[in-house]
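J.: One structure, as structure tokens, below. Some questions next.
The values are calculated or read from the model by the stated rules, or taken from the named source; none is laboratory data. Since we're looking at a predicted model, the values are computed, not measured. Methodologically, a virtual Cβ is constructed for each residue, glycine included, from the backbone with ideal geometry; neighbour enumeration extends over all protein chains shown. Heavy atoms of the whole protein, side chains included, go into the accessibility calculation; ligands, DNA and RNA do not. Shrake-Rupley method; radii C 1.70, N 1.55, O 1.52, S 1.80 Å.
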Amino acid sequence: MIKNICTSLIVILMIQTANAQQAPIAKGFKSIFDGQSTTGWHSYGKTTAGLGWKVENGVLHFDPAATQNGQGGDLVTDVEYENFHLKLEWKVAANANSGIIFFINEDLTKFKNTYETGLEMQVLDNDGHPDGKIEKHRAGDLYDLVKSTSEPVKPVGEWNAIDIVCKFGKLTMLVNGVKVVETTLWDTNFKTLVAGSKFASWPGFAAFKKGKIALQDHGDNVWFRNIQIKEWNSMKITTGCEAGM
């Protein structure tokens, strides 16, 4: 009996530890990372997650040391999203680079990488990585397209909370509760932004209004947690980032 009780207590403790970093689900949202596995995700072009993606105490960690023989790759949702509000937290190691990529079309006959189709919110050590010296390549930027209006990013090793709201063509991005990017996708102005970017000659880039979401393997240590999403499924006129989003 005592042995069974001790075993039960150990199991409970293990579960509590695994969920220790998981925040409560926000109203209207659902979790798309269970804090214990990579269920619901896979490496781009694969059926499962590469060994470089580890789940540790409720946190999703990309560990480049575990990526021998191609066992990394961008981690992609199994599901496509159209109108959504994505919430998550990230932190990076010194000198690290990563990203959150969305509206990805996983047609491997046409696109070999997530970034050939998807838009990216930059994840970066601004001070330590060379991209920190490039405008529109810093943490919180809509990568190579729109510069953040401010930089409320926390230092290396600290968690940053982000929101990406894609609502009927209106894109709003927040870092630690501060709105840093707001733009309208696919209109004339947006097409001009793309034409002036490194993606100008990429026919599939930002061409899809529904797609998968990815966490980028850029070869550096990066951690993600509390990944939640809310979806809107009926078209309506919207101003985008209204109260409550």
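J.: Within the range 37-93, which residues are charged (D, E, K, R) and under 29 Å from ALA26 (Cβ atoms)?
T.: Scanning the range 37-93 gives LYS54, GLU56, ASP63, ASP74, ASP78, GLU80, GLU82, LYS87, GLU89, LYS91.
J.: To continue, here is another question. Would you confirm whether any residue within the range 26-46 is buried (at least 16 other Cβ atoms within 10 Å of the Cβ), under 27 Å from PHE103 (Cβ atoms), touching a Gly at 6+ places or on another chain (Cβ under 9 Å) and modelled with pLDDT under 95?
T.: Within the range 26-46 (the criterion being buried (at least 16 other Cβ atoms within 10 Å of the Cβ), under 27 Å from PHE103 (Cβ atoms), touching a Gly at 6+ places or on another chain (Cβ under 9 Å) and modelled with pLDDT under 95), the answer is no, since none of the residues qualifies.
J.: When the residues of the range 214-236 are narrowed to those that are part of a strand (DSSP E or B) and of a type in the set (Lys, Arg), which ends up nearest to PRO64 (Cα to Cα)? Walk me through how you get there before you give the answer.
T.: Taking the range 214-236 as the starting set, the residues that turn out to be part of a strand (DSSP E or B) are 214-215, 222-232.
Filter again for of a type in the set (Lys, Arg), leaving 225, 230.
Values: ARG225: 18, LYS230: 30 Å.
My answer is ARG225.
J.: Sticking with this structure for a sec: Let me confirm something: among LYS112, LYS91, LYS87, LYS54, which residue is farther than 18 Å from ILE162 by Cβ, in a strand (DSSP E or B) and not aliphatic (A, V, I, L, M)? Full working, then the answer.
T.: Numbers: LYS112 fails: in a strand (DSSP E or B); LYS91 fails: farther than 18 Å from ILE162 by Cβ; LYS87 fails: farther than 18 Å from ILE162 by Cβ.
The conditions single out LYS54.
J.: State all residues of the range 57-79 that are under 16 Å from ASN113 (Cα atoms) and either outside any strand (DSSP E or B) or of a type in the set (D, E, K, R) (or both); if no residue qualifies, say none. Before the answer, list the steps.
T.: First, pick out the residues of the range 57-79 that are under 16 Å from ASN113 (Cα atoms): 70-78.
Within the range 57-79, GLY70, GLN71, GLY72, GLY73, ASP74, ASP78 meet the criteria.
J.: Exactly one of these conditions fails for GLU56: (1) surrounded by fewer than 18 Cβ atoms within 10 Å (Cβ to Cβ); (2) touching a Lys or Arg at 6+ places or on another chain (Cβ under 9 Å). Give me its number.
T.: (2)
J.: Using beta carbons and a limit of 7 Å, which pairs, at least six apart or on different chains, have the first residue in the range 23-42 and polar (S, T, N, Q) and the second one assigned to a loop (DSSP other than H, G, I, E, B) and modelled with pLDDT of 95 or more?
T.: THR38/ALA49
J.: Could we say that VAL76 is over 22 Å from THR183 (Cα atoms), touching a residue at least 40 places away in the same chain (Cβ under 8 Å) and surrounded by 20 or more Cβ atoms within 10 Å (Cβ to Cβ) here? Walk me through how you get there before you give the answer.
T.: Values: over 22 Å from THR183 (Cα atoms): yes; touching a residue at least 40 places away in the same chain (Cβ under 8 Å): yes; surrounded by 20 or more Cβ atoms within 10 Å (Cβ to Cβ): yes.
Against the criterion (over 22 Å from THR183 (Cα atoms), touching a residue at least 40 places away in the same chain (Cβ under 8 Å) and surrounded by 20 or more Cβ atoms within 10 Å (Cβ to Cβ)), VAL76 qualifies.
J.: Go through the range 97-152 and give me each residue that's of a type in the set (Asp, Glu), open to solvent by 40 Å² or more (accessible area, probe 1.4 Å) and over 25 Å from PHE168 (Cβ atoms).
T.: ASP127, GLU135, GLU151
J.: Here's a follow-up. All but one of (1) in a loop (DSSP other than H, G, I, E, B); (2) at pLDDT 95 or above; (3) not basic (Lys, Arg) hold for ILE100; which doesn't?
T.: Against the list (1) in a loop (DSSP other than H, G, I, E, B); (2) at pLDDT 95 or above; (3) not basic (Lys, Arg), ILE100 comes up short only on (1).
J.: If you scan the range 210-240, which residues turn out to be on the phi > 0 side of the Ramachandran plot and either at pLDDT below 95 or in contact with a Pro (Cβ under 7 Å, 6 or more places away or on another chain) (or both)?
T.: Residues satisfying the conditions are GLY219, GLY240.
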